[in-house]
There are 4 protein chains.
Amino acid sequence: MTDIPRPGRPAVLGQNQYGKAENRVVRITRNGATHHIKDLNVSVALSGDMDEVHYSGSNATVLPTDTTKHTVFAFAKEYGIESAEQFGIHLARHFVTSQEPIHRARVRVEEYAWERIGTSGAREAEHSFVRKGQETRLTQVTYDGDTWEVVSGLKDLVVMNSTDSEFRGYVKDEYTTLPEAYDRILATEVSARWRFNWTGDAQEAPDWETSYEETRRHLLQAFAETYSFSLQQTLYRMGARIIDHRGEIDEVRFSLPNRHHFLVDLEPFGLENDNEVYLAADRPYGLIEATVLRDGREARIPADLTNL
Amino acid sequence: MTDIPRPGRPAVLGQNQYGKAENRVVRITRNGATHHIKDLNVSVALSGDMDEVHYSGSNATVLPTDTTKHTVFAFAKEYGIESAEQFGIHLARHFVTSQEPIHRARVRVEEYAWERIGTSGAREAEHSFVRKGQETRLTQVTYDGDTWEVVSGLKDLVVMNSTDSEFRGYVKDEYTTLPEAYDRILATEVSARWRFNWTGDAQEAPDWETSYEETRRHLLQAFAETYSFSLQQTLYRMGARIIDHRGEIDEVRFSLPNRHHFLVDLEPFGLENDNEVYLAADRPYGLIEATVLRDGREARIPADLTNL
Amino acid sequence: MTDIPRPGRPAVLGQNQYGKAENRVVRITRNGATHHIKDLNVSVALSGDMDEVHYSGSNATVLPTDTTKHTVFAFAKEYGIESAEQFGIHLARHFVTSQEPIHRARVRVEEYAWERIGTSGAREAEHSFVRKGQETRLTQVTYDGDTWEVVSGLKDLVVMNSTDSEFRGYVKDEYTTLPEAYDRILATEVSARWRFNWTGDAQEAPDWETSYEETRRHLLQAFAETYSFSLQQTLYRMGARIIDHRGEIDEVRFSLPNRHHFLVDLEPFGLENDNEVYLAADRPYGLIEATVLRDGREARIPADLTNL
Amino acid sequence: MTDIPRPGRPAVLGQNQYGKAENRVVRITRNGATHHIKDLNVSVALSGDMDEVHYSGSNATVLPTDTTKHTVFAFAKEYGIESAEQFGIHLARHFVTSQEPIHRARVRVEEYAWERIGTSGAREAEHSFVRKGQETRLTQVTYDGDTWEVVSGLKDLVVMNSTDSEFRGYVKDEYTTLPEAYDRILATEVSARWRFNWTGDAQEAPDWETSYEETRRHLLQAFAETYSFSLQQTLYRMGARIIDHRGEIDEVRFSLPNRHHFLVDLEPFGLENDNEVYLAADRPYGLIEATVLRDGREARIPADLTNL
């Protein structure tokens, strides 16, 4: 190892993290013959005294990623999975408190929802499921031994208003040819993250399951109930509705691709298209991103949402 | 074009087809303030007198794929979209009957389901939707100017039984180490196609919408209500249930990946795993494929299902 | 098991197959310090006396898919991997000859190419690789105990001619608005399968590695050297070149999406676009599919190519 | 618009940006009969005086995303595409300097490489191409009217060392069962971003094309030439090599999934596996992320790399 660069040379180590990503854990809970499922994808990222493993290759402070995998599965047995958030809290606390070199743990979870299959009899519905397949629920728990940060959210929730959307009164420069729209389809695939103001063990934790259901409901209702002059305005209304109704949440970040539905020109074929036939386009797409936050609070969710 | 090979040379043309694939058409129907959506992905493939375009590049018999695209959008206006099947029938009939060189048309459709957003008020729910995001509905309509073939189906429907599944009594050779399982998770992502016995205009057509809903229901119930000794047996029961209950269907083909859920060994950590914690694996996976058909009828769905 | 339907009831079993799909096997061969890689994705499908497992759930004739997985990895050690085709032949022969209930085996292989990393020194290049990342090589070997069928090919090979392509002289109906093109981009993502005329052990087998390299070269050269009047004509020329030059191949099937590159209208901005700036579109796309075969031979490759 | 929430209410707007994403522009340049291709995917994000469009839906300061699309295509004509970086600089400067409400522009570019098809003749190779299909080149240009930031990089570059990799001497806790490895495969899919120290027009800009080629070469060579004790150490060596050799770069961020290749246990089948046969696994995977930066410089690349 004599030829390995050491500190003092021009290149130094900056922020770093490591762990096992995408542990696909399924937890079955039995209440007599009735089963319940939690279906998660769990990713762990640890930081701390990790200079030597980068500089010299010494693993003396490195808990293997294989071990973080085992911990995820063992904790699913030991603690169960009440909610994605609570499960992430158990894991993050464990890594930071049990390993001296680890100073910070971040646990990310994707959750896939299932619903029971409706059957003709009664017995089978107790343990037969079909995956809901709509949005993916997300959470990220970060702990540094002192303060907690929980950011939850969702992705892949596709919504559409088939009217009550305009786009006009915008800036026109020499590259502008777009005609103003007085009645258009507004559709998007919602990716959202919301940060809880719960930061520590002294504070009572939110009911994570209820919080998710209610936040999702407000988001959808705000989309449906807003007469839209722009996707930006609809975005703000979705965020404001959450901030107004959910006191446990201080900040919401959205990434909203404008899924363009172009009215097809049928005039060459002698047909009038009175907002009836649309082409759903792929690329390019408008992309609208913004944070809505409780007045006086600081924004902490990064501008670019990552997929997992 | 003098150096272009002609028939008589060793290489000759075989089966061929062409057309515009993946036309993403969204059709809005208004019933007063209440809107209805049909959201389809339509692919057209035409065959006929197409030797010259291959041999010499003469396009004299070729209707451009751009024209097949226009036809899809124009027909969505002219005929509406009652069902994916009915829409495919309109299109296939048009191409075969209006263009002399075209002898056969195949129209494939993917359909994406939407449901209304539940709102606090009443007005908005009329035209605000969220994509259901579960299975994708499929149909394929083929017409040769004489006989119709309609094959419908679905893909991406993920189901799970958390118990009532065994796998034992199988062949053991020198490469077999698998222990027998008396209680395992059985999960799969259903890809299914079913062929209707409707073949012509003289016969009354099925109610395509009802047929889809009922076939999907029987498929799910058979999955839920079968105590499984193998995925093959579950497959057969799903197919048989459809054949037994849906007289309009003569043949069902399934492609069922066995989405393995491995019981995690927690003994090294002093924990017993009593069918509670599973690892959901990606690859490799068992793949079970079979046709179930009405006795006396001929199988026509290809062994390998294609994605679109 | 008393209530399980048996033959005699309306629903009967048709074609069926099963096995372990997508076994990702990497085989390293060492020639002193110089290493060689074969990186495959192997899928096995077996057919035979499998009625009972479908009808009653009896696994008495079923070799577990877990065993087919073990066999793939064990054979990679025992026989090495000379070529994807040869490896598939070893596996198919084994399943059909060693298991009485199995009458037919089909082995599909995807192969990913790697190239050596160019280094400043000499030692490391011997076992350091970067994935080539261009096309995926494919083969499918089928054996019924008597006759062999080998179909090889490739997918995801993206090619473009930036000139020497026209499209004109086509049929115009009431839905046709497309202007004729005298100089356009022709681009496609080649998916091809070719069937060898090698069918049995008495016949000398082709040199599979050389055959692949030469077939790929002819396909690319024919694409580059054809002045195109339609994608159909280019397709035929690619197939004919292979049939003309590779005596071991009797049939080629292509699936060629027309990756449209639309000339962008820059006139509204006072700019002339002399075939310089294009928008690469996603959907919809023309899809051209055809078989080219040696005169007098029978076509056997299915019209719809499957992805794996 | 009377019922729309205004500032003063609890929910306020935070960071926001908008624009057209994924404009797929292909630029052909002709040098006589010899053509050259640039194939890009360009995404524009603009920020500035955008409060009103979020709060009230007034679009008075909003340049439509449709206009940003036109600008991308028009600039491909007007300025050509020397390099992804230079093209991004043209665009970012335009938006910030031509539109008073826009204070900051960020342009992201993906670039796909093509190589010429080798032909038997000479004429065709001049304008016939095959997509290289290896890594995707990336750049992100940000401009606030004053200072420039250019971060370039790549993704999807898959590399493997088939020996010269160990993993041992790590921490063992109660969830650790991993045996130490003295000779293993080390494989990863490199995602890297590097930040240039060029920040303004007074400074001479790097030769962007040469910089990319050389940085990529150093990255690959460092991977190949490092005897690895951990993926962290290999990561650091890759970054340090770039910092040492490329004076124009101050910071490198890597995200390296450990693409596990597990040695298959063939003992149950009476076979010894002397580092010859591996299973390439999908999930879970170790994920190693770190920044390497020039001593004394500040890190600016976010910890979580985004896909585009």
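Here is the figure for segment B:252-287: residues that are surrounded by fewer than 17 Cβ atoms within 10 Å (Cβ to Cβ) and closer than 25 Å to B:Ala192 by Cβ total 2. The one condition from (1) within 9 Å of chain A (Cβ to nearest Cβ); (2) at pLDDT below 95; (3) out of contact with any Ser or Thr (no Cβ under 6 Å at 6 or more places or on another chain) that B:Ala125 does not meet is (3). Would you mind stating whether D:Val96 is surrounded by 23 or more Cβ atoms within 10 Å (Cβ to Cβ) and within 30 Å of D:Thr210 (Cβ to Cβ)? So D:Val96 does not fit the description; no. Scanning segment A:209-222 turns up one or more residues that are hydrophobic (A, V, I, L, M, F, W, C), part of a helix (DSSP H, G or I) and at the interface with another protein chain (Cβ under 8 Å from one of its Cβ atoms). Comparison of B:Trp114, B:Trp198 shows that the only residue that is modelled with pLDDT of 95 or more and away from every other protein chain (no Cβ under 13 Å) is B:Trp198. Select from segment D:50-65 the residues that are over 29 Å from the mean Cα position of the chain (by Cα) and in contact (Cβ under 8 Å) with a residue 24 or more places away in the chain and list them in ascending order. D:Asp51, D:His54, D:Tyr55, D:Ser56, D:Gly57, D:Thr61, listed by residue number.
Within segment A:160-179, residues that are farther than 18 Å from A:Pro257 by Cα have Cβ atoms under 6 Å from residues that are surrounded by 16 or more Cβ atoms within 10 Å (Cβ to Cβ) and of a type in the set (Ser, Thr, Tyr) in these pairs: A:Asp164/A:Tyr227; A:Tyr175/D:Thr67; A:Tyr175/D:Thr71; A:Thr176/D:Thr67, counting only partners at least 6 apart in sequence or on another chain.
Of the listed requirements (1) surrounded by fewer than 21 Cβ atoms within 10 Å (Cβ to Cβ); (2) of a type outside the set (Ser, Thr, Tyr); (3) under 17 Å from the mean Cα position of the chain (by Cα), A:Met238 misses just one: (1). Just one of the listed residues (A:Ala84, A:Ala21) is more than 10 Å from every other protein chain (Cβ to nearest Cβ), hydrophobic (A, V, I, L, M, F, W, C) and buried (at least 18 other Cβ atoms within 10 Å of the Cβ), namely A:Ala84. Scanning segment B:116-139 for residues that are touching a residue at least 60 places away in the same chain (Cβ under 8 Å), of a type in the set (Asp, Glu), out of contact with any Gly (no Cβ under 9 Å at 6 or more places or on another chain) and not in a loop (DSSP other than H, G, I, E, B) turns up nothing. Scanning segment D:95-111 for residues that are part of a helix (DSSP H, G or I) and either under 14 Å from D:Val42 (Cβ atoms) or within 14 Å of chain C (Cβ to nearest Cβ) (or both) yields D:Phe95, D:Ser98. Cβ separations smaller than 7 Å between residues 6+ apart or across chains give the following pairs from segment B:238-249 residues that are more than 14 Å from B:Glu225 (Cα to Cα) to residues that are polar (S, T, N, Q) and part of a loop (DSSP other than H, G, I, E, B): B:Glu248/B:Asn197.
Among the residues of segment C:274-308, those that are among the charged types (D, E, K, R) and more than 8 Å from chain B (Cβ to nearest Cβ) comprise C:Asp274, C:Glu276, C:Asp282, C:Arg297, C:Glu298, C:Arg300. When every residue of segment D:149-160 is checked against the conditions, none turns out to be outside any strand (DSSP E or B), surrounded by fewer than 21 Cβ atoms within 10 Å (Cβ to Cβ) and at pLDDT 95 or above.
When residues in segment C:179-191 are screened for being within 14 Å of chain B (Cβ to nearest Cβ) and either under 20 Å from C:Val159 (Cβ atoms) or in contact with a His (Cβ under 9 Å, 6 or more places away or on another chain) (or both), 6 of them pass.
Report yes if some residue within segment B:163-172 is within 27 Å of the chain's Cα centre (by Cα) and in the same structural domain as B:Gly286 (by TED's automatic domain parsing); otherwise report no. Within segment B:163-172 (the criterion being within 27 Å of the chain's Cα centre (by Cα) and in the same structural domain as B:Gly286 (by TED's automatic domain parsing)), the answer is yes, since at least one residue qualifies. Residue count for segment B:199-208, restricted to those that are surrounded by 20 or more Cβ atoms within 10 Å (Cβ to Cβ) and part of a loop (DSSP other than H, G, I, E, B): 1. Taken as a whole, the condition of being closer than 27 Å to A:Thr139 by Cβ, surrounded by 20 or more Cβ atoms within 10 Å (Cβ to Cβ) and out of contact with any Asp or Glu (no Cβ under 9 Å at 6 or more places or on another chain) applies to A:Leu220. If the condition is being outside any loop (DSSP other than H, G, I, E, B) and out of contact with any His (no Cβ under 8 Å at 6 or more places or on another chain), then segment C:223-237 contributes C:Phe223, C:Ala224, C:Glu225, C:Ser228, C:Leu231, C:Thr234, C:Arg237.
In segment D:155-166, the condition of being more than 9 Å from chain C (Cβ to nearest Cβ) and hydrophobic (A, V, I, L, M, F, W, C) is met by no residue. Can you find a residue that is among the small types (Gly, Ala, Ser), more than 23 Å from D:Thr188 (Cβ to Cβ) and within 14 Å of chain B (Cβ to nearest Cβ) anywhere in segment C:35-44? Yes, segment C:35-44 contains at least one residue that is among the small types (Gly, Ala, Ser), more than 23 Å from D:Thr188 (Cβ to Cβ) and within 14 Å of chain B (Cβ to nearest Cβ). Entry remark, segment A:288-297: residues being touching a residue at least 40 places away in the same chain (Cβ under 8 Å) and either of a type in the set (A, V, I, L, M) or exposed (fewer than 15 other Cβ atoms within 10 Å of the Cβ) (or both) number 4 in total. Pairs linking a residue in segment B:262-281 that is assigned to a strand (DSSP E or B) to a residue that is among the polar types (S, T, N, Q) and modelled with pLDDT of 95 or more, with Cβ atoms under 7 Å and 6 or more positions apart or on different chains, are B:Leu263/B:Asn273; B:Leu263/B:Asn275.
Looking only at residues in segment A:161-184 that are part of a strand (DSSP E or B) and hydrophobic (A, V, I, L, M, F, W, C), the one that is surrounded by the most Cβ atoms within 10 Å (Cβ to Cβ) is A:Phe167.
The values are calculated or read from the model by the stated rules, or taken from the named source; none is laboratory data. Owing to the predicted nature of the structure, the values given are computational and were not obtained by experimental measurement. Heads up, the Cβs are rebuilt from the backbone with ideal geometry, glycines too, and the neighbour counts pull from every protein chain shown.
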